[in-house]
1. Quick test of your reading of the structure: K331 fulfils all but one of (1) at pLDDT below 90; (2) more than 18 Å from the chain's Cα centre (by Cα); (3) surrounded by fewer than 19 Cβ atoms within 10 Å (Cβ to Cβ). Name the failing condition by number.
2. Can you go through T142, T94, T84 and tell me which one is crowded, with 19+ Cβ neighbours inside 10 Å, under 30 Å from A397 (Cβ atoms), free of Cβ contacts under 8 Å to residues at least 24 places away in the same chain and outside the structural domain of K322 (by TED's automatic domain parsing)?
3. Go over the candidates E206, E228, E211 one by one and state the one that is out of contact with any Leu (no Cβ under 9 Å at 6 or more places or on another chain), under 30 Å from N70 (Cα atoms) and acidic (D, E).
4. Between residues in the stretch 98-123 that are under 11 Å from L37 (Cβ atoms) and residues that are acidic (D, E) and buried (at least 20 other Cβ atoms within 10 Å of the Cβ), which pairs lie under 9 Å by C-beta distance while being six or more apart or on different chains?
5. Restricting attention to the stretch 399-420, which residues are surrounded by fewer than 24 Cβ atoms within 10 Å (Cβ to Cβ) and either in a loop (DSSP other than H, G, I, E, B) or aromatic (F, W, Y) (or both)?
6. Given the conditions (1) in contact with a Phe, Trp or Tyr (Cβ under 9 Å, 6 or more places away or on another chain); (2) farther than 28 Å from A115 by Cα; (3) in contact (Cβ under 8 Å) with a residue 60 or more places away in the chain, and given that P456 satisfies all but one, which numbered condition is not satisfied?
7. Scan V449, V472 and give me the residue that is of a type in the set (A, V, I, L, M, F, W, C) and under 26 Å from N363 (Cβ atoms).
8. At pLDDT below 90 and crowded, with 20+ Cβ neighbours inside 10 Å, is that true of L117?
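The values are calculated or read from the model by the stated rules, or taken from the named source; none is laboratory data. In this text the structure is predicted, and so the values were computed from the model without any measurement. Positions of Cβ are generated from backbone atoms using ideal geometry, with glycine treated the same way; all protein chains shown enter the neighbour counts.
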Amino acid sequence: MKLMLVILSALLIALPLSFPGLYFLAWLAFIPILLVLRQTKSLKKSFFWGWLFGFFLYAGASYWLYFPINDFSGLPFPLVILLTLLLFGVAGITRGIWAVIFKLTSGSKGESLLALLTSWLVVEYLLMQIFPYFPFGSLALTQIDFNPFLQLAEIGGMYLIILLVLLLNALLFKTISRQKVGYIFLALLVVLGSNFAAGHQLDLLEERRAEVEETLDVGVLRTEIPQEDKWSTENIEANLLDVAQLSNEAYTEGAELVIMPETALTFDYPRNSYYRDMFHDELEQEGHIVVGSQAIDEEPEQSYNSVFLVDETKEITGRYNKRILVPGGEKVPFPALQEFFTGESWQSLAAGEENEILELPENISFQPLICSEILYAPREVAELVDHQFMINPSNEAWFGESNLQNQMWQSARLRAVETRMSVLKAGNKAFSGKVYPDGSYEKTEEAEVFAVSLLPEGREGTYYQQFGDYPVYLSLILLFIVIPVIKLLQNSPS
């Protein structure tokens, strides 16, 4: 029975990641696992059930990791399964830690609303800070299709959305455990209150929109190249011809800047002059391009996942190296183990160290976030008030047909609302198009031109940009100071 409840909790979170319209399932997701933890007395067993919950949660949110490991590791199938399960098991440890913290702080009844909110938020935050390579399965991404919660990202980012989901779960759990319908009315109040607050934020956004007059016409490309074809040497010419043709279509429609998918060119763009010249011979360039390739930087041994800003004279005017790498495709997990079983040497890409803003003439600048980097709030989120928009070139063909594409697209919508900036997403085997500052969007099939508002430099940032992840900071104080003091006072002799 406990096993079924644990699996049910994980499923109620994983389903909205695949089918965003089922966001309301996440409002119930913690009830089964809380029932299990309430019946569990020892911390060791609490850790086990929390770990098992995490294992199934990450299996549902990240099952697509199987595809790059199976297709490109060279490992035999049994070891592919073993390695994939091992990754889920390691990731699940974080939820075992959460279960222990919750048990220690939730009191004898195991239903403390404050303990649930603070323990989950703190573990989620610390995971992102200490091990930022596995940001999948976030509660925030289950809610992006629920507009009242989405709009509040401007106020408190992803952690405010997570807090609201946890609050609904806690109130509904108390309805069951205490059999009092009053908690349902409080849950309704949370939903209605968020709806009112979201409406107010959208009114303010509309006022700011009215003040913006200038736009930039940006072409966004989308390709459908299978991963095994994309990186085949014999397909280099076909791939570059494909993106050149799509770029020409965008220029024909008036694009001033064209954004291509991640690694659209499968050769070292700065160093391979033969294919670079071939590409530009086919490209009828009438503006700037953002083109991606894996390329060596200053260190010959290190290759980076990069995007380059190139002007009409074919001069590279900016470069951004991806800073946070994803396990499986870019950061090889357990390389010694894979080398032992395959006899081949496996190397990860190098991570970029500094943020590089790409700049166009007339003080137009934008923040690149390559592929999975869109899953994180930009590290320099407060500084984006000096730039006009964000771009997200991606190649999601690594990961098959899975819910990763949904998580990436929902993350782009979240980033847009957090900063009230447009996000332009150009992907291979990915949802692509323009996300507006209110989180609404238009998708493209191949090449389409979007007018992007040029926001004023030095504007006032959103509340989230100004104050950051304050829901977490408050949770840290409550969890590690306030709750222990309260428990100490309750246990001290009167």
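1. It is condition (2) that K331 fails.
2. After ruling out the rest, the residue left standing is T84.
3. E228
4. So the pair list comes out as W98/E124.
5. The answer is G400, E401, S402.
6. Answer for P456: the failing condition is (1).
7. Testing whether each residue is of a type in the set (A, V, I, L, M, F, W, C) and under 26 Å from N363 (Cβ atoms) leaves just V449.
8. No.
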